[in-house]
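Participant: Dumping the structure here so I can ask a few things about it.
The values are calculated or read from the model by the stated rules, or taken from the named source; none is laboratory data. Bear in mind the structure is a predicted one, so any value in this text is a computation, not a measurement. All Cβ positions, even for glycine, are placed from backbone atoms using ideal geometry, and neighbour counts span all protein chains on display. These area figures cover heavy atoms from the full protein model, side chains too; ligands, DNA and RNA do not enter into them. Shrake-Rupley method; radii C 1.70, N 1.55, O 1.52, S 1.80 Å.
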Amino acid sequence: MGIDYQEPILIEDGTSTLPPLFFKLKHWQWWFLVVLNVLFIVAGQAAAVILGRFYYDQGGNSKWMATLVQTAAFPIVLIPYFFLHSSKGPLSASPSPPLKTIFLLYFVLGVVIAGDNMLYSIGLLYLAASTYSLICATQLAFNAVFSFFINNQKFTALIMNSVVVLSLSASLLAVNDESDAPSGVSRSKYILGFLATVGASALYSLLLSLIQLSFQKVLKKETFSVVLEMQIFTSLVATCVCMVGLFASGEWKTLHGEMDGFGKGRVAYVMTLVWTAVAWQICGIGVVGLIFVVSSLFSNVISTLSLAITPIAAVIVFHDKMNGVKIIALLLALWGFASYIYQNYLDDLKAKKTEKEVNEASSNSNC
């Protein structure tokens with residue numbers, strides 16, 4: 001899964017992190033960029049999940065390969081990084097932490113990302129794409145819990161409602177006797193896929209909180225270039241870990257046979273893996289793009305919303321069954337999502353009101 005972040009892009013001295021290019025944007029141009037990045041997230045994530053399920057349905061069986069493609073196309077991110085990095089001037093006078101500390105941070109996070117992606121791969125192997133996506137939506141509930149304990153964020157009634165409702169949504173899928181598991185998947189493997197996906201969602205949410213803590217305590221800044229560097233270098237580490245796992249597990253020996261036996265042919269096998277990797281990076285670019293032009297909170301919300309949209313695409317492409325239990329689970333997920341975003345909307349209003357009062361008090365004191 002792509003990396004997401006939760007705090008607005010700010011510098012300690014309060015100056016903007018946007019390069020001069022963005023100060024010249026007209027209102028409609030800003031909205032165009034917002035819509036474009038939202039489309040990147042929704043389309044990229046939906047396509048990646050659909051292609052991942054297609055890989056398994058057509059005879060692919062390598063969990064390490066399915067994990068590798070989630071980060072292997074990270075060099076694509078270098079394009080916006082070099083383009084926009086070159087257009088900005090110096091943004092912060094904050095001293096950078098020692099190189100050894102940064103290396104250790106990126107290495108640990110990259111290893112965690114690789115493990116998290118492996119859990120996602122196992123989940124998608126044993127679950128229908130629609131079920132998988134609905135369970136992934138529980139990351140908002142885990143995000144609220146970890147943010148409370150690690151990042152000292154408030155746990156309001158609306159957030160509690162979101163946690164409970166999303167937990168109920170996942171529970172319905174767990175006890176669903178009419179599960180639409182892929183062909184050949186037993187009930188025990190369905191449960192394994194369910195647990196792996198829930199575990200991946202929890203680990204991903206923990207990762208978000210740890211990343212936020214890293215920006216606050218280690219990097220001590222969240223500029224656009226630093227956010228992109230985090231995306232690039234942690235993906236590099238995760239890709240290397242997956243390569244080691246692919247060869248150490250011996251799965252690399254089966255790839256040739258997988259390609260020959262792929263239901264749609266050898267070319268389709270290669271193109272499925274390539275476009276899965278590209279789709280994940282398109283989603284990642286959209287995530288970073290929204291962090292850049294709006295805020296990381298908005299990016300996180302859109303990323304989770306796309307998980308609720310993916311089941312619709314799965315029904316269209318794979319004709320997944322949307323029985324009564326799954327429809328109720330989808331509605332509960334949307335309810336939990338709405339509660340979460342409304343709480344953050346209230347927090348944003350409160351923050352703006354406080355900022356306005358502070359500015360007015362500062363202006364009065366200068367008069």
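Participant: Please give the number of the condition TYR269 fails out of (1) within 23 Å of LEU127 (Cβ to Cβ); (2) at pLDDT below 75; (3) open to solvent by less than 30 Å² (accessible area, probe 1.4 Å).
Facilitator: (2)
Participant: How many residues, within region 324-346, are under 18 Å from the mean Cα position of the chain (by Cα) and closer than 13 Å to SER171 by Cα?
Facilitator: Qualifying residue count for the region: 1.
Participant: Would you check which residues across region 97-125 are within 22 Å of GLN58 (Cβ to Cβ) and open to solvent by less than 10 Å² (accessible area, probe 1.4 Å) and list them?
Facilitator: ASN117, TYR120, SER121, GLY123
Participant: Just one of GLN216, GLN281 is under 22 Å from the mean Cα position of the chain (by Cα) and buried (at least 21 other Cβ atoms within 10 Å of the Cβ); which is it?
Facilitator: Answer to the check: GLN281.
Participant: Here is a follow-up. Is there any pair linking a residue in region 310-321 that is polar (S, T, N, Q) to one that is assigned to a helix (DSSP H, G or I), with Cβ under 6 Å and at least six apart or on different chains, and which?
Facilitator: Once the first residue is polar (S, T, N, Q) and sits in region 310-321, its partners that are assigned to a helix (DSSP H, G or I) give THR310/ALA46; THR310/VAL49; THR310/SER133.
Participant: Could you figure out which of (1) outside any helix (DSSP H, G or I); (2) in contact with a Phe, Trp or Tyr (Cβ under 6 Å, 6 or more places away or on another chain); (3) open to solvent by less than 30 Å² (accessible area, probe 1.4 Å) isn't true of PHE155?
Facilitator: Failed condition: (3).
Participant: Here is a further query. Only one residue in VAL35, VAL69 is under 22 Å from the mean Cα position of the chain (by Cα) and modelled with pLDDT under 90. Which one?
Facilitator: On inspection, the qualifying residue turns out to be VAL35.
Participant: If I filter region 170-199 down to residues being in a helix (DSSP H, G or I) and at pLDDT below 85, which single residue comes out as farthest from ILE113 (Cα to Cα)?
Facilitator: Applying the filter and picking the extreme gives LEU172.
Participant: Might you let me know whether region 158-169 holds any residue that is surrounded by fewer than 21 Cβ atoms within 10 Å (Cβ to Cβ), under 27 Å from ARG187 (Cα atoms), small (Gly, Ala, Ser) and modelled with pLDDT of 80 or more?
Facilitator: The answer is yes, given that some residue of region 158-169 is surrounded by fewer than 21 Cβ atoms within 10 Å (Cβ to Cβ), under 27 Å from ARG187 (Cα atoms), small (Gly, Ala, Ser) and modelled with pLDDT of 80 or more.
Participant: Just checking, does region 295-318 include any residue being open to solvent by 60 Å² or more (accessible area, probe 1.4 Å) and modelled with pLDDT under 75?
Facilitator: Within region 295-318 (the criterion being open to solvent by 60 Å² or more (accessible area, probe 1.4 Å) and modelled with pLDDT under 75), the answer is yes, since at least one residue qualifies.
Participant: Residue under question is ALA238, and the condition is that it be farther than 18 Å from TYR56 by Cα, aliphatic (A, V, I, L, M) and at pLDDT 95 or above; does it hold?
Facilitator: So ALA238 fits the description; yes.
Participant: OK, next. Looking at LEU331, LEU349, LEU246, which is the one that is within 22 Å of ALA46 (Cβ to Cβ) and aliphatic (A, V, I, L, M)?
Facilitator: LEU331
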